[in-house]
Structure formats: structure tokens, C-alpha cells
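Below you'll find the structure, written out as C-alpha cells, and then a few comments.
The values are calculated or read from the model by the stated rules, or taken from the named source; none is laboratory data. Treat the numbers as computed from the prediction; the structure is a model and nothing was measured. For neighbour counting, all protein chains shown are included, and Cβ atoms are generated from backbone atoms with ideal geometry for every residue, glycine included. The protein model used for the area step is the full one, side chains on, heavy atoms only, and it has no ligands, DNA or RNA in it. Shrake-Rupley method; radii C 1.70, N 1.55, O 1.52, S 1.80 Å.
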Amino acid sequence: MGLVTAGNWGGAGRKALIQQCEASLRRLLTDYIDICWLHNWDRTAPIEETLRGLDDLVASGKVRYIGFSDLPAWKVVEAQTIAHFRGWAPIIAVQLEYSLLERTAEGEPFPMAQAMGMGIMPWSPLKSGFLSGKFRRDNAGSVDTKRTAMVRVPGEKDYVVIDALCAVADEVGATPASIALAWVRSRPGVGSTLIGARRPDQLQANLAALDLILTDAQIAKLNDASKPALNFPADINTNLAPMFGFPGTTMDGQTAPASPLLAASASHY
């Protein structure tokens, strides 16, 4: 069994997909791969060719399921629609970056995955180690890590989140890394999480998140500190659309605010 990414070595055309899969099977010494991830969007390959190649891998028994990693939400929807109407293997999950310091996926990919029945597998849940507990205000700039050379160093907005994370960790008596991972695991739609531990102690700290259940108050504290600014039209669909469609009513457990426009109109009668 295995979990393999495709598309990084030679693109996502049919020939490359077949070659990459067979090479992975040889390296893994196995007959099949549990889930094959299309890793990144190959703009040079028609999506129909990619999907048909992946479907053939599933039909041949070399791959069980298909997942997409880091593709735009609209491209995943296009692919899933094509696969559905042509009877090809569906996309069962998506990989995307997600953490307390990277929540913009809540604008499009999360709702897309939930609406289409896809599982979500976040990667970089500790944001390159920023949420591991190693970075704090009192040691800002003094942390020796190779990863910051690849990304950036924490800024003021990051430390607002890190402060809240450390406060919850102290309250629970757990590591910040465990709390950050427990928060990711608690998010609707998340089925599994990719971790990047390099040492046994880091792995143990990550696995401790499986036994943590955060309270509503603790989750709310982390949510408030890390609230993202989402791209248009996420805010409209979340806040204004329910008010315009069902003002002052509760639908599916969500209560929409009363419309000030209706109130203003009613005051004239």
C-alpha cells in the first residue's frame, strides 16, 4: 500500500502519469497505491487526458483512489464534473495548505470540498514550524531554523495568533504544536493531516494532538485570533446572502440577521 503524488516529474499527461505510477510501485514494492495525488496543476495537459489516465490506473487496479493537491477550486470542480458525466474515477479528497496562520482556503476550497463530498487533508498545519512553540515574542529573531530561509519570519499578525495558541497550550497543559494540530483536526471536513516531524520528540508532540479535545471557548479564542480576510465573494455569501434570502429566520440551524433595508421600508408604512 502507499500514498503517492503524481504530476511533479514530467507533468500530468497520460504517458507521464503511467510512468510515475509504475515507478512508484517498483520503489514501494507493492501492487497498488491507496491514493494517488495529482500534485499541482499541469496547464500543458488537457484535464480530460489527465482524468482518463488516472481512471485507467484505477481500472487496472494499480491505484484505488484519486486526490487533487493544490489545484484551484474551480479546476477541481471542472474535473469532478467531467469525471462524473463520463463515468471516470472521482476525486475523493483534496490537499491544501491550512493552519491557524493560513486560513484563506476557507473562502473557496473548503466549501467546494464539503459540497462535493471530498475529504480535506491539510498540509503545513504548523506553518513551517511557526506554530510549534519554538517562535515566541520573547525570542523573536533568535530562532535558528532552515525553514525560515525558505518562507519568511513571523510578523506582528503572526504573533497575535501565536500568543493565543501559547495561552491555550498553557491552559491545557500541552505543547503549542499539539494544540495547533488539534485545532486543524477539529475543523469541519478535515479527514486527515500531513505532519512534518523530523525527530522522535516532534512526532510524539504531534501524535499527542489525537488525544486533545479543545473546548468551545478555546476554539473560539483561536478562531478569533486567526480570523482570515477572505477573497470576494466569500464574505457576501457568508454574511449578506442569508440576510437577503431569509432575513430574520433560521434555516438549517443558521440564523440570518434581520435586513436593515426591510426595516427601513417598513418604517414608511
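So which of 15/127; 62/127; 134/157; 75/157; 157/221 end up more than 26 Å apart, counting from Cα to Cα? Beyond 26 Å: 15/127; 62/127; 75/157.
Rounded to 0.05, the FRET efficiency of the residue 159 and residue 60 pair, given R0 = 41 Å and the Cβ-Cβ distance, is 0.20. For the pair residue 198 and residue 251, a Förster radius of 41 Å applied to the C-beta separation gives a FRET efficiency near 0.30, rounded to the nearest 0.05.
Ligands, DNA and RNA left out, the 1.4 Å accessible surface of the chain is 56% carbon and sulfur atoms.
Residue by residue, the range 46-53 carries 3J(HN,Hα) couplings of x, 4, 5, 5, 4, 5, 5, x Hz when phi is fed to the Karplus relation 6.51 cos²θ - 1.76 cosθ + 1.60 (θ = phi - 60°); x denotes Gly or Pro. What the Cβ-Cβ distance of residue 258 and residue 210 gives, at R0 = 41 Å and to the nearest 0.05, is a FRET efficiency of 0.45. Of 211, 34, 138, which has the largest mean-square fluctuation in a 10 Å C-alpha GNM of the chain? Maximum among the listed residues: 138. Phi angles across the range 185-200 convert, under the Karplus curve 6.51 cos²θ - 1.76 cosθ + 1.60 with θ = phi - 60°, into 3J(HN,Hα) values of 5, 7, 6, x, x, 6, x, 7, 9, 7, 10, x, 5, 10, 10, x Hz, Gly and Pro given as x. Each residue of the range 156-165 was assigned a 3J(HN,Hα) from its phi angle through the Karplus expression (A = 6.51, B = -1.76, C = 1.60, θ = phi - 60°), giving 4, 4, 5, 5, 4, 6, 4, 4, 5, 4 Hz with x at Gly and Pro. Per-residue ellipticity at 222 nm from helix content only, as computed over the chain with -39500 (n - 2.57) for each DSSP H run of at least four residues, stands at -12000 deg cm²/dmol.
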